[in-house]
């Protein structure tokens, strides 16, 4: 517990000031977190070191230059996607060894790059639209996770998906959904307040639900690779992906549903 508290304090002391500053300071933070997240996924699969280094470079390029977001449409630069395909597929001719580098490795690297670059790019894009919008989305994630944990620990009896995450319960899911949606909606109405309360409450419910299923999706990945945490970079908490699992899917959900509000 001591390590968990210390890690949380250190993380907050680093991230909160950069979040408040925004701009290049926040972008640097996001790039670093994204590269660490890539490293966490790369270490799960045994691919040649050269391909891992190439993947880091491709991830960085895609993160910084591969997307544009107007607030209504999220557009992917297909030129960068084609470059990723070429840089990942062509080396298979060089290695010519299915045990060393094969088609499964290619698709694993490709999906990792696209998935994480789009997720961390959205961090940057959403922050550029405003600090309070970013806080609203973070509140959905943190409040949902917090209340799901405490309510599930105290009242949880019916397991949600025991084979994926044995500790998560239906009671915790519902509790996290209710309080995460209410708290984030109140914040949005009081601080931002440019949309009807009903629209924001519905949006908050949808995003809270997506965030919890995103958490389960990452739990499934860990179960598949037979690991407890993605890394131990944050003692007591695990890795970057262990901490950002729900907010990543909340960002994806926001891009989809924000066009209706």
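The values are calculated or read from the model by the stated rules, or taken from the named source; none is laboratory data. Not measured: the values here are computed from a predicted model. A quick note on method: Cβ atoms are made from the backbone with ideal geometry, for glycine too, and the neighbour counts reach across all protein chains shown.
To keep it simple, each residue is scored yes or no on (1) modelled with pLDDT of 95 or more; (2) outside any helix (DSSP H, G or I); (3) surrounded by 15 or more Cβ atoms within 10 Å (Cβ to Cβ); (4) in the same structural domain as residue 218 (by TED's automatic domain parsing).
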site	(1), (2), (3), (4)
5	no, no, no, no
14	no, no, no, no
18	no, no, yes, no
29	yes, no, yes, no
32	yes, no, no, no
37	yes, no, yes, no
54	yes, no, yes, no
63	yes, no, yes, no
75	no, yes, no, no
- Query: How about segment 155-261: which helices (runs of 4 or more DSSP H) wholly inside it have at least 1 residues that are touching a helix residue (DSSP H, G or I) at 6+ places or on another chain (Cβ under 7 Å), modelled with pLDDT under 90 and under 28 Å from residue 108 (Cα atoms)?
  - Reply: 240-257
- Task: Could you tell me which residue of segment 77-101 is surrounded by the fewest Cβ atoms within 10 Å (Cβ to Cβ), considering only residues that are touching a helix residue (DSSP H, G or I) at 6+ places or on another chain (Cβ under 7 Å) and farther than 30 Å from residue 259 by Cβ?
- Result: 89
- Task: Would you be able to tell me the number of residues in segment 186-216 that are more than 16 Å from residue 144 (Cα to Cα) and surrounded by 15 or more Cβ atoms within 10 Å (Cβ to Cβ)?
- Result: 1
